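Read through the structure below, which is laid out as structure tokens, and then see the notes.
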Amino acid sequence: MAKERIGSNAIFSGPQKGLTTIDKHCYAYSGRVTVTTSATTLLDFNTGKGYILADIQPTYFTADTGENVFYEIYINGSEIYASEIGSTTATTPYQDIRILIPPLSRFEVKGYAASADRILGVTLTGKVYK
């Protein structure tokens, strides 16, 4: 379940897989996650009674690898989005992914690399509509 923090003085406690809400806004920051050739979970949380209009920013922390990486987004276990970031010579930003996350749903973002360990991440910022 999403962490509920009310007020403008909610303290950021560091990257995690969960969602934090502050009044009508929410965020989730995975931080740096080492992924392999198998899908690795970057974010994983359940939404509350409201739906979320979110912007998701994939992050490829490993520069100059010459290797593609992949992101997948799931709602309630169903893959609803997939993206590939081409071999990189610079880190992000990339184009945001705008998505509507339904209420009372499990939301997951997973990432993996083509052939070797890489460091990925994802940020989500959004607004909660009740």
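For the peptides 76-85, 94-103, 47-56, 33-42, residues were scored by their other Cβ atoms within 10 Å and the scores averaged per peptide; the highest-first order is 47-56, 33-42, 94-103, 76-85.
The chymotrypsin sites (Phe, Trp or Tyr not before Pro) found in segment 9-38 that occupy coil by DSSP, while having at most 14 further C-beta atoms within 10 Å, are F12.
Quick one: compute a quarter of the convex hull surface over the Cα atoms of segment 3-129 and quote it in nm². Could you put the intermediate results ahead of the total?
Details: hull surface 29.1 nm².
One quarter of the hull surface, i.e. the mean projection, equals 7.3 nm².
Quick note: the coordinates plus some simple rules give every number you see, no bench work behind them. Small disclaimer: the values here were computed from a predicted structure and weren't measured. A quick note on method: Cβ atoms are made from the backbone with ideal geometry, for glycine too, and the neighbour counts reach across all protein chains shown.
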